[in-house]
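These notes concern the structure reproduced below.
The values are calculated or read from the model by the stated rules, or taken from the named source; none is laboratory data. Since this is a predicted model, take the numbers as computed values, not measurements. Cβ atoms come from the backbone with ideal geometry, glycine included; neighbour counts cover every protein chain shown.
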Amino acid sequence: MTIAVTGTSGHLGRLVVESLLARGAAPADVVALARATDKVADLAERGVVVREADYDRPETLAPALDGVDVLVLVSGSAVGQRVRQHGAVIDAAKGGGVGRVVYTSAPHADTSPLILAPEHKATEELLAASGLSTTILRNGWYTENYVGDVQQARETGEIAHSTGDGRVASASRADYAEAAAVVALGARDGAHDGAVYELSGDVAWDLDELAAAAADLLGRPVTYRRLTPEEHREQLLAAGLDEGTAGFVVALDGNTRDGLLAETSGDLARLIGRPTTPLAEGLRRALDA
């Protein structure tokens with residue numbers, strides 16, 4: 001069974017390949033798809049098949065998926081472009097005879113007001129209409145998303161957000177990648193066919209707890225400064241962000257404040273067969289990387 005993974009020159013895709021190999025997949029049965037293949041040349045040296053696959057160049061996708069049984073479609077990072085990009089991959093997968101697509105979506109993408117959800121909902125709908133066998137992994141928040149806050153706190157002694165008392169059930173990228181590997185490998189036995197998993201960390205924490213974890217890691221006091229959405233927007237603009245990006249970040253904090261990232265379903269821990277990586281440990285690993 002040949003398993004292909006998109007976006008392997010990025011963080012999550014690369015980790016999915018590493019998890020597949022760690023769980024016993026033969027390197028020759030793993031296809032690392034990347035826009036810049038030179039960035040994954042080391043995988044080729046280890047026996048992994050490396051192919052070019054650019055979401056924005058559909059002509060690269062059909063050859064990249066030749067002979068692929070299972071495709072792990074790691075969602076693109078270009079906000080506003082995902083549906084078009086994912087649609088091109090789905091079309092190539094359907095035309096190329098891919099047996100199953102494992103897609104990394106967003107929490108409750110079909111019903112959530114989360115600002116990131118609409119593009120994922122649209123992609124899930126494209127997959128459903130394609131007739132392909134699918135497994136949907138609705139990934140929650142990554143602990144690594146807060147590394148920048150911790151690094152800034154090293155200088156300022158504070159973490160400033162407009163999340164209020166909102167909680168985040170984050171897990172490490174490696175946790176989510178391992179879940180994708182488990183599901184992809186299970187396809188040989190028909191496992192997880194048609195399943196939708198709401199993935200998140202085992203513990204939902206707030207920004208006071210993030211500040212406390214940062215203080216322990218940095219060896220200095222760190223506090224959480226609560227901002228209003230208006231104050232947050234002004235701070236982001238003053239830091240050089242454009243209006244659209246600043247509004248997006250403030251909206252994400254509003255989603256957190258409203259509890260949209262706080263669910264602890266337990267699906268992730270069940271899939272990987274262990275507890276998810278705790279906040280402090282995930283931050284420590286990311287800072288050391």
Discussion item. For region 206-236: of the residues being touching an Asp or Glu at 6+ places or on another chain (Cβ under 8 Å) and farther than 18 Å from Thr156 by Cα, which is surrounded by the most Cβ atoms within 10 Å (Cβ to Cβ)?
Written reply: Asp206
Worksheet item: Does Gly240 qualify as being of a type in the set (Gly, Ala, Ser), farther than 23 Å from Gly140 by Cβ and either over 16 Å from the mean Cα position of the chain (by Cα) or in a loop (DSSP other than H, G, I, E, B) (or both)?
Response: yes
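Here are some residues: Gly259, Gly254. Which one is over 25 Å from Leu218 (Cα atoms) and in a loop (DSSP other than H, G, I, E, B)?
On the way: Gly254 fails: in a loop (DSSP other than H, G, I, E, B).
The unique qualifying residue is Gly259.
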Worksheet item: Can you name every residue in region 232-267 that is of a type in the set (D, E, K, R) and closer than 25 Å to Trp205 by Cβ?
Response: Arg233, Asp253, Arg257, Asp258, Glu263, Asp267
Worksheet item: Are any of the residues in region 185-205 at pLDDT below 95, more than 18 Å from Ala106 (Cα to Cα), of a type outside the set (Gly, Ala, Ser) and surrounded by 15 or more Cβ atoms within 10 Å (Cβ to Cβ)?
Response: no
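When you scan region 143-161, how many residues do you find that are touching a Ser or Thr at 6+ places or on another chain (Cβ under 6 Å) and surrounded by 19 or more Cβ atoms within 10 Å (Cβ to Cβ)?
1
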Worksheet item: With respect to the numbered conditions (1) under 18 Å from the mean Cα position of the chain (by Cα); (2) in contact (Cβ under 8 Å) with a residue 12 or more places away in the chain, which one is the sole condition not fulfilled by Gly148?
Response: (2)
